[in-house]
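Accompanying notes for the structure given below.
The values are calculated or read from the model by the stated rules, or taken from the named source; none is laboratory data. Bear in mind that the values here come from a model prediction, so they are computed numbers and not experimental data. Quick reminder, even Gly has a Cβ in these numbers, built from the backbone with ideal geometry, and neighbours come from all protein chains shown. Side chains are part of the model used for accessible areas, which takes the heavy atoms of the whole protein and leaves out ligands, DNA and RNA. Shrake-Rupley method; radii C 1.70, N 1.55, O 1.52, S 1.80 Å.
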Amino acid sequence: MPETEEAQRTAVDLDRDYVREVFRAMLRARLLENKLSSLYKAGKIVGGVYLGKGQEAVSASLGASLIKGRDIFAALIRDQAGRTAFGEPLIDCTRTYLGSVLGPMKGRDGNIHRGRPLDGMPAMISHLGAAVSVVGGMLIARRLKGELAGVVGATCVGDGATSTGAFHEGLNMAAVEQLPMVVIVGNNQFAYSTPTDRQFACEDLLDRAKGYGVGGHSVDGTDLLACTKVIGNAVKLAREGNGPQMVVARLLRLSGHGEHDDGSYVPPVLKDSQLGRDCIETGVVQLIESGIATVEEIERWKREFTDEVQAAVAQAQQEPTPDPWDENWNACSTPTGRGL
Amino acid sequence: MSVTYVDAIREAQEKLLREDPRVFLYGQDISKFGGAFKATKGLAEEFPGRVLDSPISEDAMIGMAVGAAIEGMRPIIEMQFADFSSIAFNQIVNQAATHFYRTGVPVPLTVRLPSGGTPGSGPFHSQSMEALYAHYPGLIVVTPATVSDAYHMLLESVALDDPVVYCEHKFLYRWLKAPRINGDQLPIGKARITRPGKHATVVAYSAMVHEAVRAADRLKEQGGWEIEVVDLRSVKPLDIDTVLASVARTGRLLALGEAFPWGGVTAEVISRVCTDGFHLLDAPPRRLNSRDTPVPYHPKLWAAHRPTPETICIALRELLSF
């Protein structure tokens, strides 16, 4: 049931607190990721750094629409804002990037490969689309336990992931089971360096929603207010029993694939287009114009979050890194599985 | 009254569904149809809502199981054929197998793989995948060869907190019968001396245990040879202590497997025996696997592709005459 953004705007009343929460998560994530980029460039982070710059409005609108402790959110690589909005502590991020043994992954996995599965945050693997069926399984388990009422499971993918078998199988399965799932496709125009015309041949990824038999929604991912409405509504529809919902967000990745990549393949014309708008900049204007937040408030938030980021980095940097001597080197949890 | 190997698998699942509310079954055609091999016959009716038909989506089936296991369930996934688990390979080896190490959260799921060849099944319904999964840290891989092991090891697989790849042999489904499921179970990770002997050891697993026993019977009749047959029962963990103890008695080793010859379980057994028990060997250890081609369709080709009592006897005679 594709609906226009305008219809969405009138369908859902603007919830002031929700929009403020979304924006605060966007800002917090951006400031954190700017810091991560600096740390990477200073050689303080081993491995890759993957940012969600330009995708914060989409990601945070999803995260803020979900209820921590009840819902499920399988974040992908550009979801720092969504993770933050969902309630993941900043320290989980800095600990994982900096390899603190106190982090959720204990140095066994890094960067955006983190999660707290028992708190509804499964940890991603690098294989794209693979989380869709995992979220499906978490929801099926809730159904079997009689605990599905009012629950939503959500995940994000990019345009590239829509080409995988895992994405297709997972979304089709969710549709067959009529699960309360929301899948956000952040169409940021490039999968690493591959443009969308080498990724898919349909006119719009939104067309696929009909093929899967799921709700379809399209949104300008650079427009904060549109994102809060369209994504908030998709989550609401899933929660109310309308089956899986797919949201296609149009935007541009405002960074390289990772911080090792300068993104030189992105044509300037695209950067200058509507897609290339920075959702934080448009968000600031929208919040001020609509009276949802003041300039002073936003400045105060910036200072507050900068301090918070600084503290999370400093704390993680002071913590111990894993010691191969202390590592137990067990891939299985049971004594049986520890036999070779 | 007798119990077949597939009956044992069905009965284990029935018991699990009856006694453990966390257990549910997911797979292709397993609900009302009862599964391609009838391993779930009647279970959908007996346990409504807990025996679910899946789409033809092996990747999503395992991803689903990982998610359900995170949430505290004990899913049993039936792959229609082990061969099709290649589509689920990513979810098995990258999602399920890495989960506990990465996150500290175990994912107790069991994947049932109807494995191995039967006459006429051809290249895509005959494969033995155990070595591929055993290669990956984080998985337990079991290969029951008897009716009772099929039953008890499925119960234990589901009870374990780690992901288990349960390789059940299709050839044994109806051919292998026992008067009853007996109580001589061993824990997963322990091999069993199926047939005691003193002149040579055959290490086998799954359907090849029975071919090894046939070969041993012939050599007993034909030359009075006493061949010891060790049933590994699980290929990961691999009970090398029982194998070494047997080789210490016999001095000679033949590692036998139905899987393709490059690498794999037989190579692993020989490697470990050479490393830890070189001094026990009176002859170079030998291995016998299928031929190095896809599994052929025609029964005449198929019978010559896999190890048979005849080829096992030849290998043993060469081993004994060294």
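Open to solvent by less than 60 Å² (accessible area, probe 1.4 Å), acidic (D, E) and more than 13 Å from chain A (Cβ to nearest Cβ), is that true of B:E221? The answer is no for B:E221.
Note on the range A:63-98: among residues that are among the basic types (K, R) and surrounded by fewer than 20 Cβ atoms within 10 Å (Cβ to Cβ), the one that is nearest to A:L27 (Cα to Cα) is A:K68.
Can you say whether B:G263 is in contact (Cβ under 8 Å) with a residue 24 or more places away in the chain, on the phi > 0 side of the Ramachandran plot and open to solvent by 10 Å² or more (accessible area, probe 1.4 Å), as far as the supplied structure shows? Can you show your working first?
Values: in contact (Cβ under 8 Å) with a residue 24 or more places away in the chain: yes; on the phi > 0 side of the Ramachandran plot: yes; open to solvent by 10 Å² or more (accessible area, probe 1.4 Å): yes.
Yes, satisfied.
When every residue of the range A:278-295 is checked against the conditions, none turns out to be touching a helix residue (DSSP H, G or I) at 6+ places or on another chain (Cβ under 7 Å), open to solvent by 90 Å² or more (accessible area, probe 1.4 Å), more than 23 Å from A:R253 (Cα to Cα) and part of a helix (DSSP H, G or I).
Number of residues in the range A:289-340 that are free of Cβ contacts under 8 Å to residues at least 24 places away in the same chain and touching a Gly at 6+ places or on another chain (Cβ under 7 Å) equals 4. Here A:H217, A:H257 are screened, and the one residue that is in contact (Cβ under 8 Å) with a residue 60 or more places away in the chain and either under 16 Å from the mean Cα position of the chain (by Cα) or at positive phi (or both) is A:H257. Every test in (1) under 22 Å from the mean Cα position of the chain (by Cα); (2) more than 14 Å from every other protein chain (Cβ to nearest Cβ) is passed by B:R249 save one, and that test is (1).
Scanning the range B:36-45 finds no residues that are within 12 Å of chain A (Cβ to nearest Cβ) and crowded, with 21+ Cβ neighbours inside 10 Å. For the range B:63-82, a tally of residues being more than 7 Å from chain A (Cβ to nearest Cβ) and either in a helix (DSSP H, G or I) or among the β-branched types (V, I, T) (or both) returns 4.
Taking the range B:100-148 as the range and being more than 22 Å from A:A123 (Cα to Cα), open to solvent by 30 Å² or more (accessible area, probe 1.4 Å) and either within 14 Å of chain A (Cβ to nearest Cβ) or not in a loop (DSSP other than H, G, I, E, B) (or both) as the test, the residues that pass are B:A131, B:L132, B:H135.
Does at least one position in the range B:271-292 carry a residue that is outside any helix (DSSP H, G or I), in contact with a His (Cβ under 7 Å, 6 or more places away or on another chain), among the charged types (D, E, K, R) and within 22 Å of B:P114 (Cα to Cα)? Yes, the range B:271-292 contains at least one residue that is outside any helix (DSSP H, G or I), in contact with a His (Cβ under 7 Å, 6 or more places away or on another chain), among the charged types (D, E, K, R) and within 22 Å of B:P114 (Cα to Cα). For the range A:203-228, a residue qualifies if it is open to solvent by less than 20 Å² (accessible area, probe 1.4 Å), among the charged types (D, E, K, R) and not in a loop (DSSP other than H, G, I, E, B), and exactly one does: A:D220.
Can you confirm whether the range B:275-296 contains a residue that is over 20 Å from B:G189 (Cβ atoms) and modelled with pLDDT under 95? Show your work before the answer.
Looking only at the range B:275-296, we keep the residues that are over 20 Å from B:G189 (Cβ atoms), and these are B:278-296.
Keeping just the survivors that are modelled with pLDDT under 95 gives none.
No, there is no match, as no residue in the range B:275-296 is over 20 Å from B:G189 (Cβ atoms) and modelled with pLDDT under 95.
Any residue in the range A:297-318 that is more than 14 Å from every other protein chain (Cβ to nearest Cβ) and in a loop (DSSP other than H, G, I, E, B)? Looking for residues that are more than 14 Å from every other protein chain (Cβ to nearest Cβ) and in a loop (DSSP other than H, G, I, E, B), one finds none in the range A:297-318, hence no.
Condition check ((1) among the aliphatic types (A, V, I, L, M); (2) in contact (Cβ under 8 Å) with a residue 12 or more places away in the chain) across all residues:
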position: B:K38; (1), (2): no, yes
position: B:E45; (1), (2): no, yes
position: B:V51; (1), (2): yes, yes
position: B:M64; (1), (2): yes, yes
position: B:F84; (1), (2): no, yes
position: B:A88; (1), (2): yes, yes
position: B:N94; (1), (2): no, no
position: B:P106; (1), (2): no, yes
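Could you say whether any residue in the range A:99-116 is buried (at least 23 other Cβ atoms within 10 Å of the Cβ), assigned to a loop (DSSP other than H, G, I, E, B) and touching a Phe, Trp or Tyr at 6+ places or on another chain (Cβ under 7 Å)? Taking every residue of the range A:99-116 in turn, at least one turns out to be buried (at least 23 other Cβ atoms within 10 Å of the Cβ), assigned to a loop (DSSP other than H, G, I, E, B) and touching a Phe, Trp or Tyr at 6+ places or on another chain (Cβ under 7 Å).
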